[in-house]
């Protein structure tokens, strides 16, 4: 009897230890990170992760209201390693995430690398690459990407989005028309309602919409490669130093690829290893 009781106790202890080490836990019981990194990542004692709900490649909200996607999984793994609580801070668009930086409501964010943002945010190397492209009316004379930047062409963009910032720097002849919201389908609605010549956006949402509307088509190719990265407010040196290695590990281990697969994002590519 005594031997049976001991065996049962050891078995229960083994199960508990395995559960505590599960990579899906949102909060670890003990930090595996240096104290200065934990303090930099979560100065309030809670890791506040900004989520850009305007980019369905990165994060989705299911019918029960739960968040899922590659950014959600990365934030959970980081909080588990830091041994701190995790709080999601959702925003409707990337531009809103950037605007909120000055209010200090988030500690980490998942945004495309852009010079305007990099002036105030320290970025890791990218973990995911996605494409920015155009959607046009099905009978449009615009056939290839280079056709769009011409006089008289009006392009709908989401205000403050990565592709808005990029096109603002690079478009020479066409006119950008900005939707008030930077994410979701705001630029599609603007394109349709104002009968504009093109809508710029992340490829996957444009393709998804085009499948429902025979009056539009998505152009082949891209006008930009959007490099999605993790970022922290400037000045958190220990945090960003750790995050750079963290992102490389998550790519190399297959974590990012599996997260994309679980959230049904087969067209998003895992970024290659950083070269410096």
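See the values below:
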item	result
Within segment 195-215, tally of residues that are more than 21 Å from the chain's Cα centre (by Cα) and crowded, with 21+ Cβ neighbours inside 10 Å	2
Failed criterion for residue 221 (all others in (1) surrounded by fewer than 17 Cβ atoms within 10 Å (Cβ to Cβ); (2) under 17 Å from the mean Cα position of the chain (by Cα); (3) more than 19 Å from residue 56 (Cα to Cα) hold)	(2)
Helices (runs of 4 or more DSSP H) wholly inside segment 27-132 that include at least 3 residues being free of Cβ contacts under 8 Å to residues at least 60 places away in the same chain, closer than 22 Å to residue 245 by Cβ and outside the structural domain of residue 257 (by TED's automatic domain parsing)	none
Number of the condition not met by residue 164 [criteria: (1) buried (at least 21 other Cβ atoms within 10 Å of the Cβ); (2) in a strand (DSSP E or B)]	(2)
Single condition residue 3 does not satisfy, out of (1) surrounded by 17 or more Cβ atoms within 10 Å (Cβ to Cβ); (2) at pLDDT below 95	(1)
Meets criteria (under 16 Å from residue 206 (Cα atoms), modelled with pLDDT of 95 or more and surrounded by 15 or more Cβ atoms within 10 Å (Cβ to Cβ)) for residue 133	yes
Residue tally, condition crowded, with 23+ Cβ neighbours inside 10 Å and not in a loop (DSSP other than H, G, I, E, B), over segment 137-161	4
Test: residue in segment 39-46 that is surrounded by fewer than 22 Cβ atoms within 10 Å (Cβ to Cβ), in contact with a strand residue (DSSP E or B) (Cβ under 6 Å, 6 or more places away or on another chain) and modelled with pLDDT of 95 or more	yes
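Results for (1) in contact with a strand residue (DSSP E or B) (Cβ under 6 Å, 6 or more places away or on another chain); (2) assigned by TED's automatic domain parsing to the domain that holds residue 94; (3) without any contact (Cβ under 8 Å) to a residue 12 or more places away in the chain; (4) crowded, with 18+ Cβ neighbours inside 10 Å, shown as yes or no for each residue.
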site	(1), (2), (3), (4)
233	no, yes, no, yes
236	no, yes, no, yes
240	yes, yes, no, yes
243	yes, yes, no, yes
246	no, yes, no, yes
249	no, yes, yes, no
253	no, yes, yes, no
260	no, yes, no, yes
276	no, no, yes, no
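The values are calculated or read from the model by the stated rules, or taken from the named source; none is laboratory data. Bear in mind the structure is a predicted one, so any value in this text is a computation, not a measurement. A quick note on method: Cβ atoms are made from the backbone with ideal geometry, for glycine too, and the neighbour counts reach across all protein chains shown.
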